[in-house]
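> This is the structure, below, for whatever I ask next.
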Amino acid sequence: MKDLIKWLNDALDSKDLVQNMTYYSITGNMIKATDGRITAAHPWPYKGEFLVPGKEFEKVLDRMPDTPTIEITDTHVRLRSGRYRGTIQTLPLNAWDYPGVDASEWRPLPEGLLDALADLRPFVSDNAKHTWSLSIALENGWSYATNNIAIACVECPQLGNIEALLPVWAVDFVLKRTEGLVEWAWSDSYVAFRWSNGAWMRSQLIVGKFPERAASLVRESQLEIPSQAISPEFREAFKPLAELAEDTIAIYNNRIESTFGKAQLVSDIDCEVPTDATCSVWGARFLLPVILTADRWSPSTWPRPTPFRGKKVSGYVVGRRM
């Protein structure tokens, strides 16, 4: 029982702005939750139907040594396990009513989709200025993401003619639960995923379209052959400095430098530099996903957009001018 709640609780609203969104709905042998952006459900192999506040239900369950027995009244649910007893006030079942997915809409999950979502997730923006930057775009056999400094794409021929902006909160829910994921469904307004055990998640799509100019540009990165391999040694040298950096990171031909406040950290490693500069300078948090995801890049092109490429992902990242 605790494992089922743990699988589902990312879908539960924690803000308490809409009361029933903070409740688990347990009916029809399914437990469901929503935060208004996603709705998710998981099979519930225990008897009884009730609408219970999520935080209270989780806290009481966490303190039960074993799976409790459940007794339901019109206004409460009672849990008992060993010497422990818990009583929680409930709401009428009809106070929770959110849409699911019609069984006829499910179709097999396209090959490569989960890998594309995992590759592109680090490039999704956390800035809501442009709603499409909070998504991974699926368009006619391609997928795109950008944080406005780096832009990346993955070719996904099995997607077919879908055009959708998958919100990052739906992507995160799915990527934390890839085991047993077998089907999906989509329409003009929502996307949904289903697992082999019958669990499912549904999310509204973001309204809008990924900029065609950006999509066209990043598709061209598939034709680039970046000049330098990103070795495991380079990643090892780069990662702790990028994570420390307050803002920028500088890459010289024989070292990497980053600063935090009055502290400086240096790592000795060889790297290409531009022919007309002693180093290249980058926003550390924007370059980090490039170095962790790609196999090759062309740092000598700085400050022009720098191509990078991995096994399937490719794109461009823009540095900082000194």
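> List every residue pair whose Cβ atoms lie under 7 Å apart, where the two residues are 6 or more positions apart in sequence or sit on different chains, the first residue falls within region 215-229 and is at negative phi, and the second residue, located anywhere, is β-branched (Val, Ile, Thr) and outside any loop (DSSP other than H, G, I, E, B).
Val218/Ile151
> Only residues in region 276-289 that are surrounded by 21 or more Cβ atoms within 10 Å (Cβ to Cβ) count as the first member; pair them with residues that are aromatic (Phe, Trp, Tyr) and not in a helix (DSSP H, G or I), Cβ under 7 angstrom, at least 6 apart or cross-chain, and list the lot.
Cβ pairs passing all conditions: Ser280/Trp302.
> Hey, which of the strands (runs of 3 or more DSSP E) in region 1-88, taking only ones fully inside, have at least 3 residues that are aliphatic (A, V, I, L, M) and within 25 Å of the chain's Cα centre (by Cα)?
Numbers: elements: 23-27, 30-34, 38-43, 50-53, 69-72, 76-81.
The qualifying strands (runs of 3 or more DSSP E) are 30-34, 38-43.
> Could you identify the single residue in Leu175, Leu165, Leu138, Leu134 that is among the hydrophobic types (A, V, I, L, M, F, W, C), touching a Phe, Trp or Tyr at 6+ places or on another chain (Cβ under 8 Å) and under 20 Å from Tyr190 (Cα atoms)?
Values: Leu175 fails: touching a Phe, Trp or Tyr at 6+ places or on another chain (Cβ under 8 Å); Leu138 fails: touching a Phe, Trp or Tyr at 6+ places or on another chain (Cβ under 8 Å); Leu134 fails: touching a Phe, Trp or Tyr at 6+ places or on another chain (Cβ under 8 Å).
Being among the hydrophobic types (A, V, I, L, M, F, W, C), touching a Phe, Trp or Tyr at 6+ places or on another chain (Cβ under 8 Å) and under 20 Å from Tyr190 (Cα atoms) holds for just one of Leu175, Leu165, Leu138, Leu134, which is Leu165.
> In region 205-248, which residue that is assigned to a loop (DSSP other than H, G, I, E, B) and charged (D, E, K, R) is nearest to Glu272 (Cα to Cα)? Explain how you work it out, then say what you get.
Of all residues in region 205-248, those assigned to a loop (DSSP other than H, G, I, E, B) come to 205-211, 224-227, 230-231, 245-247.
Restricting the remaining residues to those that are charged (D, E, K, R) gives 209, 224, 246-247.
Numbers: Lys209: 37, Glu224: 17, Glu246: 23, Asp247: 21 Å.
Taking the candidates together, the pick is Glu224.
> Inspect all residues belonging to region 102-115 and state whether any of them is under 21 Å from Lys55 (Cβ atoms), in a loop (DSSP other than H, G, I, E, B) and in contact with a helix residue (DSSP H, G or I) (Cβ under 9 Å, 6 or more places away or on another chain).
Filtering region 102-115 down to residues under 21 Å from Lys55 (Cβ atoms) leaves none.
Within region 102-115, not a single residue is under 21 Å from Lys55 (Cβ atoms), in a loop (DSSP other than H, G, I, E, B) and in contact with a helix residue (DSSP H, G or I) (Cβ under 9 Å, 6 or more places away or on another chain).
> Looking only at region 287-308, how many residues end up being in a helix (DSSP H, G or I) and within 23 Å of Leu117 (Cα to Cα)? Outline the logic, then answer.
Narrowing region 287-308 to residues in a helix (DSSP H, G or I): 287-293, 299-301.
From what is left, the residues that are within 23 Å of Leu117 (Cα to Cα) are 287-293.
Residues that pass the stated criteria total 7.
> Does region 6-27 hold any residues that are surrounded by fewer than 22 Cβ atoms within 10 Å (Cβ to Cβ) and among the small types (Gly, Ala, Ser), and which are they?
Within region 6-27, Ser14 is the sole residue that qualifies.
> Same structure, new question: If I ask for residues that are in contact (Cβ under 8 Å) with a residue 24 or more places away in the chain, surrounded by fewer than 19 Cβ atoms within 10 Å (Cβ to Cβ) and part of a loop (DSSP other than H, G, I, E, B), which ones from region 181-204 would you list?
Ser187, Asn197, Gly198
> May I pose another question? Could you list, in sequence order, the residues of region 259-281 that are in contact with a strand residue (DSSP E or B) (Cβ under 7 Å, 6 or more places away or on another chain) and either assigned to a loop (DSSP other than H, G, I, E, B) or closer than 14 Å to Arg320 by Cα (or both)?
Within region 259-281, the first condition is being in contact with a strand residue (DSSP E or B) (Cβ under 7 Å, 6 or more places away or on another chain), and the residues that meet it are 264-269, 271-274, 278-281.
Those that are in contact with a strand residue (DSSP E or B) (Cβ under 7 Å, 6 or more places away or on another chain) and either assigned to a loop (DSSP other than H, G, I, E, B) or closer than 14 Å to Arg320 by Cα (or both): Ile269, Cys271, Glu272, Val273, Pro274, Thr278, Cys279, Ser280, Val281.
> Tell me, which residue of region 154-175 that is over 8 Å from the mean Cα position of the chain (by Cα) and in contact (Cβ under 8 Å) with a residue 60 or more places away in the chain is farthest from Asp13 (Cα to Cα)? Please lay out each step first, then the result.
Here is the first cut: in region 154-175, the residues over 8 Å from the mean Cα position of the chain (by Cα) are 154-167.
Pick out the ones that are also in contact (Cβ under 8 Å) with a residue 60 or more places away in the chain and you get 154-155, 167.
Working: Val154: 32, Glu155: 34, Pro167: 17 Å.
Applying the filter and picking the extreme gives Glu155.
> Would it be correct to say that Asp3 is free of Cβ contacts under 8 Å to residues at least 12 places away in the same chain and surrounded by fewer than 17 Cβ atoms within 10 Å (Cβ to Cβ)? Walk me through how you get there before you give the answer.
Numbers: free of Cβ contacts under 8 Å to residues at least 12 places away in the same chain: yes; surrounded by fewer than 17 Cβ atoms within 10 Å (Cβ to Cβ): yes.
So Asp3 passes the test.
> Moving on to the next point. So Ile151 passes all but one of these: (1) under 30 Å from Arg304 (Cβ atoms); (2) touching a Ser or Thr at 6+ places or on another chain (Cβ under 7 Å); (3) surrounded by 16 or more Cβ atoms within 10 Å (Cβ to Cβ); (4) not charged (D, E, K, R). Which condition number does it fail?
The failed condition is (2).
> Could I ask something else about it? Anything in region 28-42 that is out of contact with any helix residue (DSSP H, G or I) (no Cβ under 7 Å at 6 or more places or on another chain), surrounded by 14 or more Cβ atoms within 10 Å (Cβ to Cβ) and not aliphatic (A, V, I, L, M)? List them, or say none.
So in region 28-42, the residues out of contact with any helix residue (DSSP H, G or I) (no Cβ under 7 Å at 6 or more places or on another chain) come out as 28-30, 32, 41.
Right, trim to surrounded by 14 or more Cβ atoms within 10 Å (Cβ to Cβ) and you get 30, 32, 41.
Residue satisfying the conditions is Lys32 alone.
> Among the residues of region 89-101, write down those that are over 26 Å from Trp195 (Cα atoms) and in a loop (DSSP other than H, G, I, E, B). Before the answer, list the steps.
Taking region 89-101 first, the residues over 26 Å from Trp195 (Cα atoms) are 89-92, 94-95.
Correct list: Thr90, Pro92.
> Another one. Please count how many residues of region 117-153 are in contact (Cβ under 8 Å) with a residue 40 or more places away in the chain, in contact with a Cys (Cβ under 9 Å, 6 or more places away or on another chain) and closer than 22 Å to Gly283 by Cα.
Total meeting the criteria: 2.
Readers should treat all values here as calculations from the given coordinates under stated rules, not as data from a laboratory. Everything numeric in this text was worked out from a predicted model, so none of it was measured. Glycine gets a Cβ as well: all are built from the backbone with ideal geometry, and neighbour counts include every protein chain shown.
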